[in-house]
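Down below is the structure, laid out as structure tokens.
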Amino acid sequence: MINKKLRAPLLLTSTLILLLTTTAACNSSSGYEIPKTLCGREIDRSALQPLLPSGKNVEARPQISDDDQSSCLVLVDKSRTFLISEIRGQNRFDVMKFARENRSSQNPKKSEVGDDTVTSDRWLMSINACTGHGRGDYYILDLDILDEGQSKPKELERFAQSYLPDAMKAMGCTE
């Protein structure tokens, strides 16, 4: 029989262990560690994690990389899951009109991220003034969740918000 003086500390210890185990399980639920950089861009891992499925291994593969464009494919367990595309030197256009005419996006909506951004269930496009080094053109960030079953517009916005400043600087759009 447990001594009454020990019962409260034991219950508290058991509760704390249960809480710590649950928290640790939530943090490692993806089964892999997300790198600090993807294809040469620093990222907010906590903003990317909700966009990726669970698995054992995450990998990023550059698809295109030059002065005016960059594309990074994110794979989880060798399955294509997320695509980040950037293009500089573009003319300004209406992103909502583009989304309605050219994308098979579900539920396109205007977003407060960047200069002119539209998000949908699995896609986000943001067009932003590229003014660094005297340029007067535009930078486009295009994000695609490649898993058909996911709908994560708020998560896409959060990732874009964290990604845009460093990405635009890397593309020479800010000083």
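The values are calculated or read from the model by the stated rules, or taken from the named source; none is laboratory data. Treat the numbers as computed from the prediction; the structure is a model and nothing was measured. Don't worry about glycine lacking a Cβ; one is built from the backbone with ideal geometry, like all the others, and counts go over all protein chains shown. What goes into the accessible areas is simple: the full protein's heavy atoms, side chains included, and nothing from ligands, DNA or RNA. Shrake-Rupley method; radii C 1.70, N 1.55, O 1.52, S 1.80 Å.
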Check: Any residue in segment 149-160 that is in contact with a Pro (Cβ under 6 Å, 6 or more places away or on another chain) and more than 20 Å from Asn91 (Cβ to Cβ)?
Finding: yes
Check: What are the pairs, 6+ residues apart or on separate chains, where a residue within segment 58-86 that is without any contact (Cβ under 8 Å) to a residue 40 or more places away in the chain has its Cβ under 8 Å from a residue that is among the aromatic types (Phe, Trp, Tyr) and part of a loop (DSSP other than H, G, I, E, B)?
Finding: Val58/Tyr32
Notebook entry, point to check: What strands (runs of 3 or more DSSP E), lying completely within segment 58-164, carry at least 1 residues that are farther than 28 Å from Pro35 by Cβ, open to solvent by less than 40 Å² (accessible area, probe 1.4 Å) and in contact with a helix residue (DSSP H, G or I) (Cβ under 6 Å, 6 or more places away or on another chain)?
Noted result: 116-119
Check: Quick check: is even one residue across segment 28-50 modelled with pLDDT of 90 or more, touching a Ser or Thr at 6+ places or on another chain (Cβ under 8 Å) and part of a helix (DSSP H, G or I)?
Finding: yes
Notebook entry, point to check: Can you tell me which of Asp94, Asp115, Asp67 is under 22 Å from Ala47 (Cα atoms) and not β-branched (Val, Ile, Thr)?
Noted result: Asp115
